[in-house]
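The values are calculated or read from the model by the stated rules, or taken from the named source; none is laboratory data. What you see is a predicted model, and the numbers here were worked out from it, not measured in a lab. Every residue, glycine among them, receives a Cβ derived from its backbone with ideal geometry; neighbour counts consider all protein chains shown.
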Amino acid sequence: MFKLLKGDRVVEVFEELDVPEQKYLIQHLEDQTLSPLLEGTPSEVTAKLFKKLPEKTVRKMEKLMQRERFEIVRHQLEFPANSVGARMQTNIIGISPDLTSKATLENLQRSTRVYKEDKLDPLYVTNGGGRLVGWLTLRTLISAPQDIKIRDIMLPVSLIKIPAKMDQEEAAKIFSKYNLISAPVIDEENKLIGILNVEDMLDVIQEEATEDIQKLAAVEALDKPYFQVAFGEMIKKRATWLCVLFLSEMLTATAMGFFEKEIAKAVVLALFIPLIISSGGNSGSQAATLIVRALALK
């Protein structure tokens, strides 16, 4: 079915697939189908695949990609897995402040980048060294006089910029606080190297929340969907904490041993022991949930 797709639809569908399905396609598609797919797929998607594919398959992909394209993906792999640099989109257009609006529109039309119908990214203005100096919307550009310079209609670069090495969770908090739709990603020299969209941050928020919830329940974070985690791996993720909790409960048994005579005098007291333990566990989990979530949201 995938082979029946044509044009841009091939890349659009490939982006939406889960990683196991992407890996299957990469390993089974013919070279003539795989090569244009790799060229059109966003670099952050390809970089994620590189980390999960066998080295033999990665070498095959490298041969099918243009050298410039492969270098972009390789550079993105240098960023830590949970950093903004690993999430950013690199297919951006830097606009010169010295061009007229007409020349800029013509450049955009010749660009290989295709803007999605449901979303128009801001246009970022960079100087000769690639440093970010301003921005403007596509609507502003279209409505501006044809002979006006970009520097005369752009907005100053007072917008929020995201460092490439920032943790993705911190970036998600910035997006949430300022209701951002997108934000430029810069390196240490203030050079524009990518862009973050709100769709990427929604995935980050879901992943980080899942990890926090699992840790809250004393479960080591699962890096795969629940039904894809092997039985042995699930034991490994949970057994350590269960053993720690079991040893902690031994203290409870030791404490009860000191009151053995009192319990023997009034056996009915033993009926309340499970009720007290259950209430203590519930109140403890409630307090932990409220406090940890409050800390997370500041």
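For this structure, a couple of remarks:
- If you go through region 190-225 and keep only what is among the β-branched types (Val, Ile, Thr), surrounded by 15 or more Cβ atoms within 10 Å (Cβ to Cβ) and over 30 Å from GLY128 (Cβ atoms), you end up with VAL198, VAL204, ILE205, VAL219.
- Boolean, ILE213 is of a type in the set (Val, Ile, Thr), outside any helix (DSSP H, G or I) and over 17 Å from GLU44 (Cβ atoms): no
- For region 262-295, filtering for residues that are modelled with pLDDT under 85, of a type in the set (S, T, N, Q) and more than 17 Å from SER248 (Cα to Cα) leaves 1.
- LEU155 being over 26 Å from GLN76 (Cβ atoms), at pLDDT 85 or above and out of contact with any Pro (no Cβ under 6 Å at 6 or more places or on another chain): yes
- Candidates LEU136, LEU141, LEU132 - the one that is touching a Phe, Trp or Tyr at 6+ places or on another chain (Cβ under 8 Å), of a type in the set (A, V, I, L, M) and at pLDDT 85 or above: LEU132
- Any chance GLN76 is at pLDDT below 90, closer than 27 Å to ASP8 by Cα and surrounded by fewer than 16 Cβ atoms within 10 Å (Cβ to Cβ): no
- Test: residue in region 224-235 that is closer than 30 Å to LYS161 by Cα, within 41 Å of the chain's Cα centre (by Cα) and among the aliphatic types (A, V, I, L, M): no
- Answer from LYS48, LYS23, LYS3 - the residue that is in a helix (DSSP H, G or I) and exposed (fewer than 15 other Cβ atoms within 10 Å of the Cβ): LYS3
- Candidate set from region 88-107 (those that are farther than 16 Å from ALA183 by Cβ and among the polar types (S, T, N, Q)); member that is surrounded by the fewest Cβ atoms within 10 Å (Cβ to Cβ): ASN107
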